[in-house]
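Colleague: Here it is, the structure, as structure tokens.
Every number here is computed from the coordinates shown, using simple stated rules; none is lab data. As the structure is a computational prediction, the values presented were derived from the model and not from experiment. A quick note on method: Cβ atoms are made from the backbone with ideal geometry, for glycine too, and the neighbour counts reach across all protein chains shown.
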């Protein structure tokens, strides 16, 4: 289990209504969490957009749920993200950074949902052993790298977190988020 150092927060965080592992959610809790998450998206995107614009000294209109806004969001993130040492002296992202990753995940998810009509928010409850069980995710992607193609799901917080972890070994770049999204844009069926 991860533990974090307690530091004063400079970012208004959003705390989920349920604090237990996703695979332990009942059907009612999975629906409650999903509804809470979807309901929070507009508020969290507005807060994130305002913070990015203010801190970067740009118009908030440039943080507009379009793919070309992703490098601005990521540039801001790389400036505010912070790390800390664990008890075993390994480097990890700090707690505030993890909360920012959730907001950026909501932003990325809504960027796909609002720009591509075949991409929808969803979740699934089984199998309980699946890594993304009960998590809000995006469906409608099709991976045609194999034959026959299969329907791929995109869990945006996880995918943003993967990019954020590049900070831990100093491999981060301002176009990491955009490049990851470009890969997934290619998985959007063209006939929809």
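Colleague: Do the conditions hold for residue 153, that is, is it under 16 Å from residue 98 (Cα atoms) and either in contact with a helix residue (DSSP H, G or I) (Cβ under 9 Å, 6 or more places away or on another chain) or surrounded by fewer than 17 Cβ atoms within 10 Å (Cβ to Cβ) (or both)?
Modeller: no
Colleague: With the checklist (1) over 21 Å from residue 178 (Cα atoms); (2) within 20 Å of the chain's Cα centre (by Cα); (3) exposed (fewer than 14 other Cβ atoms within 10 Å of the Cβ) in hand, flag the one item residue 26 doesn't pass.
Modeller: For residue 26, the exception is condition (2).
Colleague: Determine whether segment 73-94 contains at least one residue that is part of a loop (DSSP other than H, G, I, E, B) and closer than 19 Å to residue 40 by Cβ.
Modeller: No, the conditions are met nowhere in segment 73-94.
Colleague: What number of residues within segment 162-175 are part of a helix (DSSP H, G or I), in contact (Cβ under 8 Å) with a residue 60 or more places away in the chain and over 13 Å from the mean Cα position of the chain (by Cα)?
Modeller: 2
Colleague: What tally of residues in segment 7-52 results from selecting those that are free of Cβ contacts under 8 Å to residues at least 24 places away in the same chain and either touching a strand residue (DSSP E or B) at 6+ places or on another chain (Cβ under 8 Å) or outside any helix (DSSP H, G or I) (or both)?
Modeller: 9
Colleague: How about segment 66-92: which of its residues are closer than 13 Å to residue 177 by Cβ and surrounded by 15 or more Cβ atoms within 10 Å (Cβ to Cβ)?
Modeller: The answer is 67, 69, 70, 71, 72, 73, 74, 75, 76, 77, 78, 81.
Colleague: Let me ask you something else. Could you check how many residues of segment 111-139 are closer than 25 Å to residue 46 by Cβ, buried (at least 17 other Cβ atoms within 10 Å of the Cβ) and more than 14 Å from the chain's Cα centre (by Cα)?
Modeller: Matching residues across segment 111-139 total 3.
Colleague: Kindly indicate whether residue 159 is part of a loop (DSSP other than H, G, I, E, B), surrounded by 12 or more Cβ atoms within 10 Å (Cβ to Cβ) and within 13 Å of the chain's Cα centre (by Cα).
Modeller: Judged against the criteria, residue 159 is not a match.
Colleague: Is it the case, given these coordinates, that residue 183 is without any contact (Cβ under 8 Å) to a residue 60 or more places away in the chain and touching a helix residue (DSSP H, G or I) at 6+ places or on another chain (Cβ under 6 Å)?
Modeller: So residue 183 fails the test.
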